[in-house]
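To keep things clear, I will list the structure first and then write my remarks on it.
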Amino acid sequence: MRNILITGVSTGIGLHLTKIFIHRGYRVFGSVRKRCDALPLANEFGDRFHALIFDVTDHAAIHDAFEKVKIMVKNEGLAGLINNAGIAINGTVMHTTIAQYQKQFDVNFFGLIAVTKAFLPLLGAVKNYPLEPGKIINISSVSGKIALPFLSPYCTSKFATEAFSDALRREMLPYGIDVITIGPGPVATPIWKKSSELSVEILESDYGPVIAPFQRHLEKSIKNAMKPDILASKIFDVFVKKKPKTRYTFVYNKFFNYYIPRYLLTPRQLDKIIAKMFRF
């Protein structure tokens, strides 16, 4: 049986990834933060799903999960690891505390590293590994390539994820473990609904007049967001490819929302467009 570990499976992308991998015959080890989130998943998926109760910021709990998985997979190893767990913290640089930045990085970046480091041996990062090496898929974002105002905590954590993924992939070449980055645009999950909320402090600051255009932009993005089941299907297709690309961007109206700002506009030109969009 082929085994895969997916973090953050209680809702959204992680939940739909769990569904599709189980449907395709995999056994899924899925992380949830609370025991109460594990029961409905176990009831829905049966013995092909095994809940791992850990927060990606809890290194001791991650180690315990590794020991559990190692015993259960025995000599089968892991066919893959999908680092999906994440949060989105927004706000201006002036009004976002260091603690908020730290929280963002603890989950999206350091948590991803902690899980990856813990499970590398089961993916094949050991000498003379007897099985086919596993794959690692890191869920980044379009925001890992294009940074928007009022989302700097989230964007910087995703830029860091992009760099880590590239460095890790090159370090894993001797072991044959591939590392693939997925950079979706907005997805219809709770993470983006929460990110549209801004503090009263920001609303009453010098940025107050431009908050309404920003929120309208986010609301439009949420309205046009990709459904998590569709994204999960695309990620599965990437996972099973024999020779995947190193990075995939999945975004609504890709040419306009990604290709033009990423490749055709200079940073200064993009600055002017953003200033006009948000009425700076």
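The values are calculated or read from the model by the stated rules, or taken from the named source; none is laboratory data. Keep in mind that what you see is a predicted model, and the values were worked out from it rather than measured. Cβ placement follows ideal geometry from the backbone for every residue including glycine, while neighbour counts extend to all protein chains displayed.
Key figures for this structure:
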| quantity | calculated |
| --- | --- |
| Among residues of the range 44-75, those that are over 23 Å from the mean Cα position of the chain (by Cα) and among the hydroxyl-bearing types (S, T, Y), counted | 0 |
| Selection within the range 154-188 - assigned to a helix (DSSP H, G or I) and touching a strand residue (DSSP E or B) at 6+ places or on another chain (Cβ under 7 Å) | T161, E162, S165, L168, R169 |
| Segments classed as helices (runs of 4 or more DSSP H), wholly inside the range 196-280, with at least 2 members that are β-branched (V, I, T) and farther than 15 Å from F150 by Cβ | 228-239 |
| Some residue of the range 75-84 being surrounded by fewer than 13 Cβ atoms within 10 Å (Cβ to Cβ) and of a type outside the set (D, E) | yes |
| Residues that are over 10 Å from the mean Cα position of the chain (by Cα) and either over 17 Å from L120 (Cβ atoms) or acidic (D, E) (or both), drawn from the range 76-88 | E76, A88 |
| Identity of the residue in the range 247-280, surrounded by 12 or more Cβ atoms within 10 Å (Cβ to Cβ) and among the β-branched types (V, I, T), that ends up nearest to V179 (Cα to Cα) | T249 |
| Criterion (without any contact (Cβ under 8 Å) to a residue 60 or more places away in the chain and either under 30 Å from Q269 (Cα atoms) or in contact with a helix residue (DSSP H, G or I) (Cβ under 9 Å, 6 or more places away or on another chain) (or both)) met by exactly one of T92, T97 | T97 |
| Among (1) touching a residue at least 40 places away in the same chain (Cβ under 8 Å); (2) surrounded by fewer than 18 Cβ atoms within 10 Å (Cβ to Cβ), the one test that E44 misses | (1) |
| Pairs with Cβ under 9 Å, 6+ apart, first in the range 1-24 and in a strand (DSSP E or B), second among the acidic types (D, E) | N3/E76 |
| Candidate set from the range 197-223 (those that are buried (at least 16 other Cβ atoms within 10 Å of the Cβ) and modelled with pLDDT under 75); member that is nearest to T11 (Cα to Cα) | L198 |
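Conditions tested, residue by residue: (1) at pLDDT 95 or above; (2) assigned to a helix (DSSP H, G or I); (3) touching a strand residue (DSSP E or B) at 6+ places or on another chain (Cβ under 8 Å); (4) hydroxyl-bearing (S, T, Y).
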{"position": "A65", "(1), (2), (3), (4)": "yes, yes, yes, no"}
{"position": "I71", "(1), (2), (3), (4)": "yes, yes, no, no"}
{"position": "G77", "(1), (2), (3), (4)": "yes, no, yes, no"}
{"position": "G86", "(1), (2), (3), (4)": "yes, no, yes, no"}
{"position": "H95", "(1), (2), (3), (4)": "no, no, no, no"}
{"position": "A99", "(1), (2), (3), (4)": "yes, yes, no, no"}
{"position": "Q102", "(1), (2), (3), (4)": "yes, yes, no, no"}
{"position": "V126", "(1), (2), (3), (4)": "yes, no, no, no"}
